[in-house]
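Data block below; observations after.
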Amino acid sequence: MNGARQAVHGGQGAWLGFILKEQRYAVLLSSVREVIRCGDVTPVPGAPRDVLGILNLRGQIVPVLDGRRRFGLDGSVEPALEDGQRVMVFDDEGSIVGMRIDAIGDMLDLDAGEVAPPPPGRASRRDDPVSGVVTRHDGFIALVDVQRLCRV
């Protein structure tokens, strides 16, 4: 198991939060290459439903996922949220993948003891990117395994 996978399961380290349809998520900061404004995403005919399309990021073609669809949170984005939307760009062992999010969240520093397993049923789904959950006074934060998330 590589270091990033161990950290996801152990939970320790710096995490970057993001929001999708009022739900909070976080990914290991080390897996985030950059966060950019939503630019011109070109649709790709025949792409899976959760793929918005591709964008040109300084000469590199990057597939962009629709975060809401990828997490099963279908629904159109409210016009008031559009200005806050960003594309979070991940580097998964050399593969670059972007995901449109509703808003960027807080930086989190987690200890392994804070991380609980995902809710029953989630962990058994191979394509579910949620690898754990952290409880906060104001709700839950789902921890995301970028390797599972970035399957395109």
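Worth a mention:
- For segment 35-94, the set of residues classified as among the small types (Gly, Ala, Ser) and assigned to a strand (DSSP E or B) consists of Gly53 only.
Conditions (1) modelled with pLDDT under 95; (2) among the aromatic types (Phe, Trp, Tyr); (3) in contact with an Asp or Glu (Cβ under 7 Å, 6 or more places away or on another chain); (4) over 19 Å from Leu29 (Cα atoms), marked per residue:
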site	(1), (2), (3), (4)
Glu82	yes, no, no, yes
Gln85	yes, no, yes, no
Asp91	yes, no, no, no
Pro119	yes, no, no, yes
Asp127	yes, no, no, yes
Val146	yes, no, yes, no
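- Cβ-Cβ contacts under 7 Å between residues 6 or more apart (or on different chains), taken from a first residue in segment 106-135 that is closer than 15 Å to Gly72 by Cα to a second residue that is modelled with pLDDT of 85 or more and of a type in the set (S, T, N, Q), are absent.
- Which listed residue is modelled with pLDDT of 90 or more and in contact with an Asp or Glu (Cβ under 9 Å, 6 or more places away or on another chain), from Val62, Val97: Val97
- Considering residues of segment 95-112 that are part of a strand (DSSP E or B), among the charged types (D, E, K, R) and over 21 Å from Arg69 (Cα atoms) only, the residue nearest to the chain's Cα centre (by Cα): Asp106
- Flag if Arg33 is closer than 28 Å to Val134 by Cβ and free of Cβ contacts under 8 Å to residues at least 60 places away in the same chain: no
- Tallying residues that are out of contact with any helix residue (DSSP H, G or I) (no Cβ under 7 Å at 6 or more places or on another chain), at negative phi and surrounded by fewer than 21 Cβ atoms within 10 Å (Cβ to Cβ) within segment 84-96 yields 6.
- Just one residue in the set Arg69, Arg37, Arg49 is surrounded by 15 or more Cβ atoms within 10 Å (Cβ to Cβ), over 24 Å from Gly94 (Cβ atoms) and at pLDDT below 95; that residue is Arg69.
The values are calculated or read from the model by the stated rules, or taken from the named source; none is laboratory data. Computed from a predicted structure; not experimentally measured. Ideal geometry is used to build each Cβ from the backbone, glycine not excepted, and the neighbour counts take in all protein chains shown.
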